[in-house]
1. Being touching a helix residue (DSSP H, G or I) at 6+ places or on another chain (Cβ under 6 Å) and either modelled with pLDDT under 95 or part of a helix (DSSP H, G or I) (or both) is true for just one of 300, 291. Which residue is that?
2. Return a yes/no flag: does the range 5-16 have any residue that is within 18 Å of residue 245 (Cα to Cα), surrounded by 14 or more Cβ atoms within 10 Å (Cβ to Cβ), touching a strand residue (DSSP E or B) at 6+ places or on another chain (Cβ under 6 Å) and at pLDDT below 95.
3. Modelled with pLDDT of 90 or more and over 20 Å from the mean Cα position of the chain (by Cα): which single residue out of 206, 239, 256 fits that description?
4. Just checking, how many residues over the range 157-183 are crowded, with 21+ Cβ neighbours inside 10 Å and under 14 Å from residue 226 (Cα atoms)?
5. Being in contact (Cβ under 8 Å) with a residue 60 or more places away in the chain and surrounded by fewer than 16 Cβ atoms within 10 Å (Cβ to Cβ) is the filter here; which residues of the range 205-223 pass it?
6. Answer yes or no as to whether residue 226 is closer than 20 Å to residue 293 by Cβ and either touching a strand residue (DSSP E or B) at 6+ places or on another chain (Cβ under 7 Å) or surrounded by fewer than 16 Cβ atoms within 10 Å (Cβ to Cβ) (or both).
7. Give the number of residues within the range 99-130 that are in a helix (DSSP H, G or I) and out of contact with any strand residue (DSSP E or B) (no Cβ under 7 Å at 6 or more places or on another chain).
8. Any residue at all in the range 178-198 that's closer than 17 Å to residue 123 by Cα and in contact with a strand residue (DSSP E or B) (Cβ under 8 Å, 6 or more places away or on another chain)?
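The values are calculated or read from the model by the stated rules, or taken from the named source; none is laboratory data. Note that this is a predicted model, so its numbers are computed, not measured. Heads up, the Cβs are rebuilt from the backbone with ideal geometry, glycines too, and the neighbour counts pull from every protein chain shown.
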């Protein structure tokens, strides 16, 4: 996950934020240049970044089957993606291994509960390396660095997106658990399908502008999946997508640019801001997306 450190002066709420606040945040989250890469990766492989790259692709789920709550989040996001991009986002559970997904335009989502399946993660990435010639370091074992993580790799035969997200074990959980697992899954989906980057805030604010914004916290003293860990994570950013996030999805879908990291993308948002704002407000009000949209855009501690 790519991270930029920025000082953000938050407005009273997402709906009250002025145009300049949105443009500044869009510039921070999308106008970036990748300056680091995985140690040992082939640096000769070109990188091309456009948030529309997964539009019309498929979502292949491996590992555990989605729980009913996870399936609800996935279905709501798939409906949102179809609404914004005008193309379906088909999904299937292929089984235990990524190689069962086959090839083609897709994102692979590995779901798990409990401890992260690092051996399966390594096998997934080795499979993607075989298909897309990613140039990954030979012999390396890959490990989860957080309960939910998304990575896009650029290879000689195309780009590959892999997500690995923890979900609840067993039946329905507490309100805290359901909010937490929904939040971490939604964040990785949103970033994977828009190429927006994390934006770190230097201080806690009562309201945010975006799901991308995060307050850095020291979580090393908490075990993953513990109630204290979940509460801390839910204090760090909103649990759902904000109006800004919906605006950016529409901008990614409509902008006539080659790469969404270039300044012309922000110029498009500036010129079409009123139209994009109307689209975002209408999308936020659509009951189909109520599960994954946060109209207040504030940190939540159930």
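1. Numbers: 291 fails: either modelled with pLDDT under 95 or part of a helix (DSSP H, G or I) (or both).
Only one candidate qualifies: 300.
2. Initially, the range 5-16 is screened for residues within 18 Å of residue 245 (Cα to Cα), giving 6, 8-16.
With the extra rule that they be surrounded by 14 or more Cβ atoms within 10 Å (Cβ to Cβ), the set shrinks to 6, 8, 10-11, 13-15.
When the remaining residues are screened for being touching a strand residue (DSSP E or B) at 6+ places or on another chain (Cβ under 6 Å), the result is 6.
Right, trim to at pLDDT below 95 and you get 6.
The answer is yes; a qualifying residue exists.
3. Working: 206 fails: modelled with pLDDT of 90 or more; 239 fails: over 20 Å from the mean Cα position of the chain (by Cα).
Only one candidate qualifies: 256.
4. Final tally of qualifying residues: 4.
5. 206, the sole residue that qualifies.
6. On the way: closer than 20 Å to residue 293 by Cβ: no; either touching a strand residue (DSSP E or B) at 6+ places or on another chain (Cβ under 7 Å) or surrounded by fewer than 16 Cβ atoms within 10 Å (Cβ to Cβ) (or both): yes.
No, not satisfied.
7. Step one: filter the range 99-130 for residues in a helix (DSSP H, G or I), giving 99-101, 118-130.
Filter once more, keeping what is out of contact with any strand residue (DSSP E or B) (no Cβ under 7 Å at 6 or more places or on another chain): 99, 118-119, 122-123, 126-127, 129-130.
Residues in the range 99-130 being in a helix (DSSP H, G or I) and out of contact with any strand residue (DSSP E or B) (no Cβ under 7 Å at 6 or more places or on another chain): 9 in total.
8. Filtering the range 178-198 down to residues closer than 17 Å to residue 123 by Cα leaves none.
Checking the range 178-198: not a single residue is closer than 17 Å to residue 123 by Cα and in contact with a strand residue (DSSP E or B) (Cβ under 8 Å, 6 or more places away or on another chain).
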